[in-house]
Amino acid sequence: MITLVTGGCGSGKSEYAENLVAGSGCPCKWYVATMEVWGDEDRRKVERHRKQRAGKGFHTIERPRGLNALRIPGSPEQTAVLLECVSNLAANEMFGGGTLPDCAPEPAGAAGEAVVDGITSLARQAAELVVVTNEVGLDGISYEAETMEYIRLMGRVNQRLAKLADRVVEVVYGIPVVLKENGSAGQGGGI
């Protein structure tokens with residue numbers, strides 16, 4: 001079962017996703033963290049997420065890119081995985097982990113394939129896969145060319161993931177709104 005959880009910054013999507021995995025009934029719970037820490041703000045965010053997960057039984061794997069090569073220990077039938085989050089993973093794949101702002105972007109198509117292939121690989125390794133992504137580009141602002149390419153990449157990746165997912169949930173102000181359930185779109189309402 002793949003659940004895609006989306007929403008804006010600070011919407012409550014991470015806590016919602018963690019609670020889905022924590023309540024999955026799977027004895028093996030893995031948290032795949034994709035953020036590369038670039039400064040104090042990132043460190044604070046990572047620490048906040050660690051505190052939020054405390055006591056929920058997660059084992060953490062830090063994997064900023066190359067999900068396709070990641071092997072989750074344990075039996076897939078006993079395993080739930082939370083991937084946090086697609087926007088970091090896509091940026092890492094696209095910009096290759098170079099030192100900002102000097103890194104040259106990879107072709108967005110290759111980055112998108114790496115992200116979707118990696119998530120598909122994770123899905124084969126778990127009974128439950130919960131994937132957190134972000135809504136980007138809704139502000140209507142025109143950015144530099146590389147940023148616009150990243151925004152388009154996220155749109156394409158999110159569309160592909162929504163098609164793969166059994167369930168798609170948007171968290172709005174802490175309220176989960178089901179957009180797709182078991183293959184049928186347009187359900188609406190909370191879980």
For Gln159 and Glu62, FRET efficiency with R0 = 22 Å and r from the beta-carbon atoms, rounded to 0.05? 0.20
Contact order relative to length of the stretch 1-143, as percent, for alpha carbon pairs under 8 angstrom and 6 or more apart: 38
For the chain, with every protein chain kept in place, what is the accessible area per residue (1.4 Å probe, Å²)? 50
Using a 1.4 Å probe on the protein heavy atoms only, what accessible surface does Ser142 show? Give it in Å² to the nearest 10. 100
Rounded to the nearest percent, how much of the accessible area of the stretch 4-69 (1.4 Å probe, protein heavy atoms only) is carbon and sulfur? 49
Filter the chain for me: DSSP H helices, axial length by Cα at least 18 angstrom, mean Kyte-Doolittle hydropathy not below -1.0. List them by residue number. 108-124, 145-164
Can you give the calculated 222 nm mean residue ellipticity of the chain, where each DSSP H run of n ≥ 4 adds -39,500 (n - 2.57) and the sum is split over every residue, rounded to the nearest 500 deg cm²/dmol? -12000 deg cm²/dmol
Run through every distinct alpha carbon pair of the stretch 27-99 and return the Kirkwood hydrodynamic radius in angstroms, one decimal place. 13.2
The chain: antiparallel DSSP beta bridges as a percent of all, rounded to 5: 25
Estimated FRET transfer efficiency (Asp117, Glu77; beta-carbon r; R0 22 Å; 0.05): 0.45
Stretch Ala69-Ser142 to full length: gain in nm at 0.36 nm per residue minus the Cα-Cα span? 22.8 nm
Hey, what did the stretch 1-61 get for relative contact order, percent, Cα under 8 Å, at least 6 apart? 41
Seen from all sides and averaged, what is the projected area of the convex hull of the Cα atoms in the chain, in nm²? 10.6
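The values are calculated or read from the model by the stated rules, or taken from the named source; none is laboratory data. All values reported here derive from a predicted model rather than from experimental measurement. A quick note on method: Cβ atoms are made from the backbone with ideal geometry, for glycine too, and the neighbour counts reach across all protein chains shown. The area values use the complete protein model at the heavy-atom level, side chains included, leaving out ligands, DNA and RNA. Shrake-Rupley method; radii C 1.70, N 1.55, O 1.52, S 1.80 Å.
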